Amino acid sequence: MDTLTNGLTTIINNEMRNKRECVISPASKLLGRVLRIMQLNGYIGEFEFIDDGRQGKFKVQLMGRINKCGSVKPRFAVKVNEFESWEKKFLPSRNVGIMVVSTPKGVISHREAEGKNVGGRLLAFVY
C-alpha cells in the first residue's frame with residue numbers, strides 16, 4: 001500500500017466532488033511533508049494530524065484550486081538541469097503547477113530545488 005498515492009487520490013476525488021474537506025487515512029511523515037508543500041504553494045488550506053491510536057489520519061481543508069495531482073511511480077532520480085524535461089512530462093505548461101522532490105535538503109518543490117541547486121527524486125505533481 002502506498003500512502004502517498006492513496007492520499008493524493010483521496011484529495012483529487014474530493015476536489016472533483018466540490019467537497020470542502022477530506023480525511024486521508026492512513027497518514028505518514030512523507031504525506032505530511034507533501035501536504036505542507038501543497039499548503040505553502042496555495043493548493044490546500046489548513047491540515048491537521050489526528051492520532052487515532054493506529055496509523056493516524058490527516059484532515060485537509062480543500063480550496064478548490066487543484067485540477068490534478070498524483071504521485072510519480074517509479075520515483076525517478078532527477079538532476080538539477082533535468083527539471084525542465086520532467087516538467088514537460090508531468091505539468092501542463094511552464095510555470096503552472098509544482099513537482100514535489102525529495103532532496104538531501106528535505107522535501108521541497110522543484111522550483112525551490114532549482115534555486116538551491118540540488119537534485120533528488122520525484123515524488124508527486126500538482127496543478
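Could we say that G115 is of a type in the set (G, A, S) and out of contact with any helix residue (DSSP H, G or I) (no Cβ under 6 Å at 6 or more places or on another chain) here? Taking the combined requirement at face value, the residue satisfies it. Take N14 and decide whether it is crowded, with 16+ Cβ neighbours inside 10 Å, outside the structural domain of G120 (by TED's automatic domain parsing) and either under 22 Å from R111 (Cα atoms) or not β-branched (V, I, T) (or both). Yes: the conditions hold for N14.
Could you please find all residues in segment 67-101 being within 11 Å of the chain's Cα centre (by Cα) and among the polar types (S, T, N, Q)? I'd like the intermediate steps shown before the answer.
Initial filter on segment 67-101 (within 11 Å of the chain's Cα centre (by Cα)): 68-72, 97-101.
Within segment 67-101, just S71 meets the criteria.
Scanning segment 95-115 for residues that are farther than 14 Å from F125 by Cβ and of a type in the set (D, E, K, R), we see that the one that is surrounded by the fewest Cβ atoms within 10 Å (Cβ to Cβ) is K105. From the list V126, V96, V118, the one residue that fits, being farther than 24 Å from T10 by Cβ and of a type in the set (V, I, T), is V118. The residue list F83, F90, F49, F58 contains one member that is of a type in the set (A, V, I, L, M, F, W, C), more than 17 Å from L122 (Cα to Cα) and buried (at least 16 other Cβ atoms within 10 Å of the Cβ), which is F58. Within segment 67-78, one or more residues are of a type in the set (A, V, I, L, M, F, W, C) and closer than 24 Å to C22 by Cα. The residue pairs whose first member lies in segment 55-75 and is more than 18 Å from G32 (Cα to Cα), whose second member is assigned to a loop (DSSP other than H, G, I, E, B), and whose beta carbons are closer than 8 Å, counting only pairs six or more residues apart or on different chains, are G64/N18; R65/G42; R65/Y43; N67/Y127; K68/Y127; K73/D2.
The values are calculated or read from the model by the stated rules, or taken from the named source; none is laboratory data. A quick note: this is a predicted structure, and the numbers were derived from the prediction, not measured. Glycine also receives a Cβ, built like all others from the backbone with ideal geometry; neighbour counts cover every protein chain displayed.
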